[in-house]
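Since the structure comes first, as structure tokens, the remarks are kept for the end.
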Amino acid sequence: MLANVKNILIEAQKNGYAVGAFNTPDMEVTQAIVRAAVKLKSPVVVQFTEKTLDYAGDSVIVEVIKAIIDKESGSLPIGLHLDHGRSLDTIVRAIELGIESVMIDAAGQPLHDNMAITKRVVEYAHPKGVSVQAEIGVVPSMGEYDQNNTDWDKLMTDPLEAKWLVEETGVDTLAIAIGNAHGFFRERSEPDWKRLDMIRKLLPNTPLVLHGASDWMDHKVEEAVKRGIACFNIDTDLRIAFNTVLCKFTKDKCDIIDPRKVLAEARDAVQKVVEEKIELFRNPKQKENGNSK
Ligand code: G3H
Ligand code: 13P
Ligand code: ZN
């Protein structure tokens, strides 16, 4: 059942667990995410970026995602979210497609510009019943920053600025930077836990989101959930699972030319990864004790 992303995250925060927000580019990955959630009876967020709208066609992909959620999830809450909207135009595009949760990512811009655009997005979105995630501090990606010369102190979220941004703009949820990074970009040797504690203390009622979480393992996830992260964003690990299957078919099984056979196996591989992540996020402590079921 399509559900409000903000409420899913608030519920997680209140009860001391986190949810996964998983990126999808297509039908197969969406089915993998929803099927994993249904199997484990766990709420999740399905999210997509502007690139996916460009790739698949705006209403085509949104209707496909909604149809899968509608058909497969029953009464389980599933959120639908625009990830990394970089401009007001993209936000408007998503909202006109019926999306009720959006991210405005202006974190690479100077603080005042980030504040200004985030405020405009909130003013546009809230009257339409749409909730907004902002980002403050930079979660670097390959190609945008040099991973061999990362000045983490410059990139990470300043807790007082985070508080200021939330109070000035009225955003609903906040993506923060504590040494996490997107994709294969090398992360800080250890997340800045004290910084996270300070952000949580200054913003006790704002669900916090951690991007670039594919490579976050048991102890880091446990620590992050304990200290108040309500949502982990995952894309790269799903891409790896999907592509590993495609590589297998193109290398060893070139005689299989029915794309459905290839894609079904890729979908199953992605589902398995989503299941592992859900287990990890909803109860990292049990997971570490090897006791997750
Ligand atoms: O955090 C970003 C996601 O991995 C989405 O990437 O813009 O290629 O869809 P994308
Ligand atoms: P990863 O690709 O590193 O998992 O990050 C995903 C993400 O942050 C999507 O917003
Ligand atoms: Zn991200």
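Yes or no: the stretch 251-260 includes at least one residue that is modelled with pLDDT under 95, surrounded by 16 or more Cβ atoms within 10 Å (Cβ to Cβ) and out of contact with any Asp or Glu (no Cβ under 9 Å at 6 or more places or on another chain). No, the stretch 251-260 has no match at all.
The residues of the stretch 65-112 that are in a loop (DSSP other than H, G, I, E, B) and among the hydroxyl-bearing types (Ser, Thr, Tyr), listed by number, are Ser73, Ser75, Ser87.
Of all residues assigned to the stretch 152-168, none qualifies as being within 23 Å of Thr118 (Cα to Cα), among the polar types (S, T, N, Q) and out of contact with any Lys or Arg (no Cβ under 9 Å at 6 or more places or on another chain).
With respect to Val138, is the statement that it is assigned to a strand (DSSP E or B) and either β-branched (Val, Ile, Thr) or over 18 Å from Leu174 (Cβ atoms) (or both) true? For Val138, the condition - assigned to a strand (DSSP E or B) and either β-branched (Val, Ile, Thr) or over 18 Å from Leu174 (Cβ atoms) (or both) - is not met. Screening the candidates Glu123, Glu96, Glu167, Glu161 for the property of being farther than 23 Å from Asn4 by Cβ and of a type in the set (D, E, K, R) yields one hit, Glu161. Taking Thr52 as the residue in question, decide whether it is within 16 Å of ligand 3 (Cβ to nearest atom), part of a helix (DSSP H, G or I) and surrounded by 15 or more Cβ atoms within 10 Å (Cβ to Cβ). Yes. Each residue in the stretch 65-112 was checked for being within 13 Å of ligand 3 (Cβ to nearest atom) and of a type in the set (Val, Ile, Thr), and 1 pass. On the basis of being away from ligand 1 (no atom under 16 Å from the Cβ), part of a strand (DSSP E or B), closer than 21 Å to Asn283 by Cα and touching a residue at least 24 places away in the same chain (Cβ under 8 Å), does Ala224 make the cut? Criteria not met by Ala224. For the stretch 219-230, the criterion of being within 13 Å of ligand 3 (Cβ to nearest atom) and under 23 Å from Lys277 (Cα atoms) is met by none of the residues.
Residue pairs whose Cβ atoms lie under 8 Å apart, separated by 6 or more positions or on different chains, with the first residue in the stretch 94-107 and on the phi > 0 side of the Ramachandran plot and the second assigned to a helix (DSSP H, G or I) and within 16 Å of ligand 1 (Cβ to nearest atom), are Gly98/Val62.
When Glu187 is tested against (1) part of a helix (DSSP H, G or I); (2) surrounded by 20 or more Cβ atoms within 10 Å (Cβ to Cβ); (3) not polar (S, T, N, Q), exactly one condition is not met: (1). I'd like to check something: does the stretch 203-216 contain any residue that is within 21 Å of Ile136 (Cβ to Cβ) and surrounded by fewer than 19 Cβ atoms within 10 Å (Cβ to Cβ)? Yes, some residue in the stretch 203-216 is within 21 Å of Ile136 (Cβ to Cβ) and surrounded by fewer than 19 Cβ atoms within 10 Å (Cβ to Cβ).
The values are calculated or read from the model by the stated rules, or taken from the named source; none is laboratory data. In this text the structure is predicted, and so the values were computed from the model without any measurement. Note that each Cβ is placed from the backbone with ideal geometry, even for glycine, and that neighbours are counted across all protein chains shown.
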